[in-house]
Amino acid sequence: MENAFYITTPIYYVNAKPHLGHAYSTMVADSLVRLHQLMGETAFFVTGSDEHGDKIVQAAAKNQQPPQEFVDGISQCFQDLWPKLGIQNYRFARTTSPTHQKLVQDLLQKVYDAGDIYFGEFSGHYCYGCERFYTDKELENGLCPQHLTKPELITERNYFFKMSKYLPWIKEYITEHHDFIRPERYRSEALGMLEAGALDDLCISRPKSRLTWGIELPFDRNYVCYVWFDALLTYISALGGPEAQDFQRYWPGEHLVAKDILKPHAVFWPAMLKSMGLPLYKHLNVHGYWLVRDTKMSKSLGNIVDPLAMKEQFGNDAFRYYLFREMHFGSDASFNQEAMIKRINADLANDLGNLFSRVLAMNAKYFAATVPSPNAKLPQDTQIIDLGLSALDNFVQLFRHIKFAEALEALWQFVRALNKYVDSEAPWELYKQKELERLSTVMYVLLACMRKVAICLWPVMPHASCTLLQQLGQTASTNTPPVPDIRAEISCFGGLQAGIQIAKQSNLFPRIEVAKKEPREAKVAKDTKEAKDTKDTKDTKDTKEATLPNIDIETFKTADLRVGTIIEASKHPNADKILVLQIDFGPLGQKQILSGLANYYAPDALVGRQVCAILNLKPRKIRGLMSNGMVLTAESNNKVCLLMPEKPSSNGAHIA
Ligand code: MSP
């Protein structure tokens, strides 16, 4: 049977729209699938949306939508995004799909029949953010370690999965299988969790009196299934269940997650699989967080990076390249546009782009853009060829073992060596001296090596790889791997047919020019001069801006201007720039006002602040949400700031 590769991303919650973190995990799955296809394997991945549970119900309620309508909308955002980011070869699974729900019920029944589920009373600290109970030992200073909030003490009768029965076995398995959880630091962390003895049986039900949005337990209609027990089973339901052909073919597969969900994957899931009598997954691949200014991206902090905006600004391939090159898999990485521009300019424009543009231009001039036939090789040719073959080998091995940054670095050492080879062999001199035999060999070595580099790029930059291969006269598509098995490319030189026509030029990665920051003194001097030079015009402009018709005091008084305190702030679910504010106006009550502040304030930073607002503006619906007034702001230098009373004032106080 042919080799089959199967990997999963987390099944993302649909309480918020997709961001860079989701995009990264999904791009990694896409590129690993591509690499395995490039090795001649049948490969695909599963991603999807996790649609049950408290969190979703709360988000739907906040948006004034029934849960199903709400999850349909956000799940669609995820489904629409992936093709736009060049992501392919996946199945999109939804936990609300009838096939998934049926499979969850079948497997729950199986575990129940095997005697691994029991009914019992339980008191525990429940964190609504995590949707799970915490034991005393797991809490940090009485707070949920993830959300740093105080969990609620709940006593309930519930169903429990006998996880503790499997814990010694899991611990032994992880201890003996060194790369079961990788990189190593997460294996140690998982062992630490098991070591601490903090884990017990897993509560796998929620009474319908508290939550109805879930999959009903097949053995008790008064309960729904705990969202994690439901979601993890997607990895199997997406293959059609344990009896399906795809399951026989693809299971056990690989999982890919970030460190936030290590525990369910390292502990709950192996115990569930063991109880169901199913083989364990091959590896759990755990990556770190993308941080923005040293903080994890989060909706409430308002520092979310939108992957589509990055694609539009920098191009999808360059964006993907930066992510793979910048994050050392397992560690956190900082997302930073300046660093991205530097990386694109250095690696893509200077190293790779320059290599293609100079070699193709020279070949057009010397050989009318046809591939010359090579002649006898000199030691420096053999040296660069050997370096290339071992770079390719390193690239494939490192990439397979999720060391993406290191794999790209190995490939780039070769790209940089090729540029040096151009410099040292100086084809222009050979042309000038009419040493055409030698020139043919040098140009052939370069072009054949460039073809191999372009093939390696296919998993990371599918479009760029295709364009470069097409420039080298190869047929290539983003859907089908450019060669049947990349390992054949590693074992021997060549692969480029002499005599074929190739492109005359290449300009795939132009440099990104950024406006240079001026040194401070120079800037001050310039600003002063400019201020002086423009004083007259500015004066005129100010006067011009002030030419709204005069109004009398009575007209001014028709505006109901008041002071209020922001008691809640969140991002508008359908408009990136807008914050939804709940403001307390004292005797006038609480009002919802929408304001275009999302680019300037983190929502949490606004809670508790006093603001000035006009309340008798006609209420207006903005992207589905009502705004009952407007907060007053000042705009200068393209930045917006809030107007606030200079001293604390009572809510509802008149502004005059
Ligand atoms: N629904 C669960 C997963 C169930 S899997 C059976 C869940 N969903 S989630 O929407 O919160 O997604 C978490 C995952 O999104 C992380 O594990 C990671 O793959 C990705 N990321 C979200 N934020 C991230 C960063 N800031 N950085 C990198 N990836 C992160 O947990």
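The values are calculated or read from the model by the stated rules, or taken from the named source; none is laboratory data. Because the structure is a prediction, the values reported are computed rather than measured. Positions of Cβ are backbone-derived with ideal geometry, glycine not excepted, and every protein chain shown enters the neighbour counts. With ligands, DNA and RNA removed, areas are computed over all heavy atoms of the protein, side chains included. Shrake-Rupley method; radii C 1.70, N 1.55, O 1.52, S 1.80 Å.
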**OP:** Select from the chain the helices, each a whole stretch of DSSP H, whose alpha-carbon atoms run 27 Å or more along the helix axis and whose Kyte-Doolittle mean is at least 0.5; answer none if there are none.
**Re:** 436-456
**OP:** Over 24 Å, how big is the tail of the calculated P(r) for the stretch 558-656, in percent of all Cα pairs?
**Re:** 14
Subject >> the chain, dipole about Cα centre (Lys/Arg Cβ +1, Asp/Glu Cβ -1), debye to the nearest 20 >> reply: 1320
**OP:** Run the quick spin-label model on Thr175 and Asp136: label points 7 Å from Cα toward the beta carbon, then report their separation in nm to one decimal.
**Re:** 2.8
**OP:** Determine the equivalent ellipsoid of the chain by diagonalising the alpha-carbon gyration tensor, then write out the semi-axes as square roots of 5 times the eigenvalues, largest first, rounded to whole Å.
**Re:** 49, 42, 19
Original post:
Ignoring ligands, DNA and RNA, what accessible area per residue does the chain give at 1.4 Å, in Å²?
Top reply: 47
**OP:** Can you tell me the FRET efficiency between Gln68 and Glu437 if r is taken as the Cβ-Cβ distance and R0 is 56 Å, rounded to the nearest 0.05?
**Re:** 0.15
**OP:** With 30 Å as the limit, write out which pairs from Lys62/Lys557; Lys62/Lys259; Lys311/Lys618; Lys62/Lys162; Lys137/Lys162 have Cα-Cα distances beyond it, or answer none.
**Re:** Lys62/Lys557; Lys311/Lys618; Lys62/Lys162
Original post:
Say each of Gln582 and Ala361 gets a label point 7 Å from the Cα, pointing the same way as Cα to Cβ; how far apart are those two points in nm?
Top reply: 6.2
Subject >> Full-stretch length increase - Gln413, Ile553 - with 0.36 nm per residue and alpha-carbon distance subtracted >> reply: 43.1 nm
Original post:
At a 1.4 Å probe radius, carbon and sulfur cover how many percent of the accessible area of the chain?
Top reply: 51
Original post:
Near Lys452, which aspartates and glutamates are there with a Cα under 14 Å away, not counting those fewer than 8 places off in the same chain?
Top reply: Asp386, Asp393, Asp485, Glu489
Original post:
Which whole-number percent is the relative contact order of the chain (Cα, under 8 Å, 6+ apart)?
Top reply: 12
**OP:** With a/c under 1.5 counting as rounded, go ahead and sort the stretch 1-118 into rounded, prolate or oblate using the C-alpha gyration tensor (a ≥ b ≥ c being the square roots of the eigenvalues; past the cut-off, prolate if a/b is larger than b/c, else oblate).
**Re:** oblate
Subject >> Reference-scaled alpha-carbon Rg (2.2 N^0.38 Å with N residues) for the stretch 58-130 >> reply: 1.56
Original post:
Could you give the alpha-carbon Rg of the stretch 359-491 over 2.2 N^0.38 Å, rounded to two decimals?
Top reply: 1.07
Original post:
Charges only on Cβ, +1 for Lys and Arg, -1 for Asp and Glu: so what's the dipole of the stretch 359-491 about the Cα centre, in debye to the nearest 20?
Top reply: 180
Original post:
Taking a ≥ b ≥ c as the square roots of the eigenvalues of the Cα gyration tensor of the stretch 281-344, is the shape rounded (a/c under 1.5), prolate (a/b larger than b/c) or oblate?
Top reply: oblate
Original post:
Roughly how much of Thr480 is accessible, in Å² to the nearest 10, using a 1.4 Å probe?
Top reply: 80
**OP:** Order the peptides 102-108, 81-87, 639-645 from the highest to the lowest mean number of other Cβ atoms within 10 Å of their residues.
**Re:** 102-108, 81-87, 639-645
Original post:
From the square roots a ≥ b ≥ c of the eigenvalues of the alpha-carbon gyration tensor of the stretch 35-92, which class results: rounded (a/c under 1.5), prolate (a/b over b/c), or oblate?
Top reply: prolate
